Amino acid sequence: MAAERRCGALKVATVIGKMRGRGFKTTPQRVAVLEALAADQHQSFDEIHARCPQVGMVTVYRTLDLLGEIGALRRLDLGDGPRYELAEDHHHHLLCESCGSISEFERCPIDESILEEMDFEVASHSLEIYGRCKLCR
């Protein structure tokens with residue numbers, strides 16, 4: 001648990017550095033939204049707002065937009081409305097269409113040489129694979 005808190009704190013500090021580096025202010029409200037995001041993966045807007053109820057809904061939406069603009073936030077459309085998580089270089093999900101579980105995996109199946117042939121420089125990517133988990137098969 002302590003390691004997870006440190007990891008979340010590192011992510012928050014990194015994103016704060018990104019915000020400041022891009023000339024954006026790190027207001028207490030923005031930091032509260034950022035800390036709410038760092039608390040858990042794949043959160044809905046309502047879950048994020050519930051973690052920082054002192055921040056107005058419009059401010060939460062604007063902060064999510066800002067974090068997306070600077071590349072610190074990934075919006076996922078996982079079938080039950082948008083979900084949000086702090087962004088990394090790449091991220092992959094297995095989504096069970098029966099029970100709704102979301103699992104992450106690291107091994108990247110994308111052949112980078114194909115993208116190089118297309119003369120495309122990748123900044124980040126996300127991959128969602130839909131199916132049924134072991135428990136639902």
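What to note about this one:
- Bridge type composition, the chain - antiparallel percent by DSSP, nearest 5: 60 percent
- Relative contact order of region 31-137, pairs being alpha-carbon contacts under 8 Å that are 6 or more residues apart, as %: 23 percent
- Other residues with beta-carbon under 14 Å from the beta-carbon of residue 27 carry, at +1 per Lys or Arg and -1 per Asp or Glu, a net charge of +3.
- The spread of Cα positions in region 44-106, taken along each principal axis and listed from longest to shortest, comes to 34, 26, 16 Å.
- Neighbour-limited loop hits for GluC sites (Glu not before Pro), region 45-137 (at most 16 other Cβ within 10 Å; DSSP other than H, G, I, E, B): 88, 97, 106, 121
- Treating r as the C-beta distance of residue 54 and residue 130 and R0 as 41 Å, the FRET efficiency rounds to 0.65.
- Region 1-86: relative contact order as a whole-number percent, Cα under 8 Å and 6+ apart: 30 percent
- The chain - mean residue ellipticity at 222 nm from DSSP helices (-39,500 (n - 2.57) per run, n ≥ 4, rounded to 500): -12500 deg cm²/dmol
- Gyration tensor over alpha-carbon atoms, the chain, equivalent ellipsoid semi-axes in Å: 27, 21, 14
- Applying Stokes-Einstein at 10 °C and 1.306 mPa s to the Kirkwood radius of region 92-131, computed over alpha-carbon pairs, gives a translational diffusion coefficient of 135 µm² s⁻¹.
Values in this text are rule-based calculations from the coordinates and carry no lab data. Computed from a prediction, not measured in an experiment: that's the story for all the values here. Virtual Cβ from ideal backbone geometry, glycine too; neighbours counted across all protein chains shown.
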